[in-house]
1. With the Cα gyration tensor of segment 4-61 in hand, give its eigenvalues times 5 under a square root as the equivalent ellipsoid semi-axes, listed largest first in whole angstrom.
2. Quick one: length gained pulling residue 387 to residue 149 fully straight, 0.36 nm per residue minus the C-alpha distance?
3. Any idea how far apart residue 262 and residue 221 come out in nm if each label point goes 7 Å out from Cα toward Cβ?
4. By how many nm would the segment from residue 61 to residue 303 lengthen if fully extended, with 0.36 nm per residue of separation less the alpha-carbon distance?
5. Can you pull out the GluC sites (Glu not before Pro) in segment 214-250 that DSSP calls coil and that have at most 11 other Cβ atoms within 10 Å?
6. Compute the relative contact order of the chain as a whole-number percentage, counting only Cα pairs closer than 8 Å that sit 6 or more residues apart in sequence.
7. What list do you get for 95, 196 if you sort them by fewest beta carbons within 10 Å?
8. How many percent of DSSP beta bridges within the chain run antiparallel, rounded to 5?
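Derivation of every value follows stated rules applied to the coordinates shown; laboratory data play no part. Treat the numbers as computed from the prediction; the structure is a model and nothing was measured. Cβ sites come from the backbone with ideal geometry, for glycine too, and all protein chains shown count toward neighbours.
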Amino acid sequence: MDLKSNEPFWLVKNGVINSFPSLRENAVCDVLVVGGGITGSLIAHQCVQDGFKTVLIDKREVANGSSSATTSMLQYEIDTPLYKLIEMIGEKGAVASYKACSQAIDQLGEIAHKLKSKAGFIKKDSLYFAALKKDVAWLTREFEARKKVGFDVKWMEADDVLKKYNLQKAYGGILSKQGASIDAFLFVHEMLAYNVKKGLEVYDKTELANVTYKVRQNEVTLNTGAKIKCKKIVYCVGYESATMIKEKFVDLVSTYAIVSEMIPEESRKYKDILLWNTADPYHYMRTTDDGRMLIGGEDEEFRNPQQRDSLIGNKEQKLLKSVEKYLPNLPFYPDFAWAGTFGTTKDSLPYIGEHKDFKNSYFVLGFGGNGITFSVTGMEMVSNWLKGKKHLLTPYFAFGR
């Protein structure tokens, strides 16, 4: 399945960073990570840190799937509002999920610091604003729910939003003191390079062809003919998991994004804030670390890559109109436009855990707008399981929940 199209900004901006060989000889390891995107690189980072002999494979070049198409808005807010999630799964699981995403942002910052990363990790505030007057009622309810459980939030009236951000057609919103952004594509390469020095083996253009699941270990056959014997497999394959797992558990969605030409002076005004709204589908805006503006949204049901890609021009124009609506004085001249595919679940939570059809294996599938932060939580969960420990979020992220 093709997960991106056209020219994602990050892929062009960074070019070829590292190249890895394909695996053509048999190998043995403790943990095999399948998928070399942001999720797989995070899981591999944790496994190496925990002392497990780890091999990572990707059927493409690393980070060339969703991680090159992501807009990398790092938020603790889940696509389902907290008050609704509490109604759906109970307060314990809902609050724990939100707090895990909040902690994940700080954990990513710690990893970036440890790696001396140049991927532009920057902490930012996050403004979730009402796109329609009627949304104010439930958005204030969401504000109270977050405030009650201890999140650092402030309610901003429409006049306050206009004065501080020059944001038009915003009818009030929740200002949160927890958010960030990063260049996920570059960050993946940095993590892999760091861990290769510590013993991680990385192979791209290496596709899993077949798995023989045994009692104590699995034997993986690759498209190259080589075999890998491993104690555990961690599948970090994102939305392609929909073709692996029999039951329907995720809906695929096409999403679109555009990045402006460099406008350093104007972008500086918004460098410390993530902007997103209550529209359905919602729009979001942020700056890049090289002085551009990024806007994304216009999501719709995914049908096939061809149809998704054919809409890029039309979606670009709609995104430009949203810029004109909310930030009419911003000189936004598009430099890049692209499409990607992501998944949504019934509760906006990820699927992280075991599946009955895959022995000695875990899936780490971060869906929705929190894919990266969910993947950080997945690091902790997989680490616990490999050490025989339990994790609070296991039942809430489980298949069949």
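1. Working: eigenvalues 125, 41, 18 Å².
Taking √(5λ) for each eigenvalue gives 25, 14, 10 Å, largest first.
2. Residue separation times 0.36 nm, minus the Cα-Cα distance, leaves 82.6 nm.
3. Roughly 5.2 nm, to one decimal.
4. Extra length available between residue 61 and residue 303 comes to 84.6 nm.
5. Listed in order of number, the matching sites are 247.
6. Once normalised by length, the contact order is 25 percent.
7. In order of increasing Cβ crowding within 10 Å: 196, 95.
8. 70
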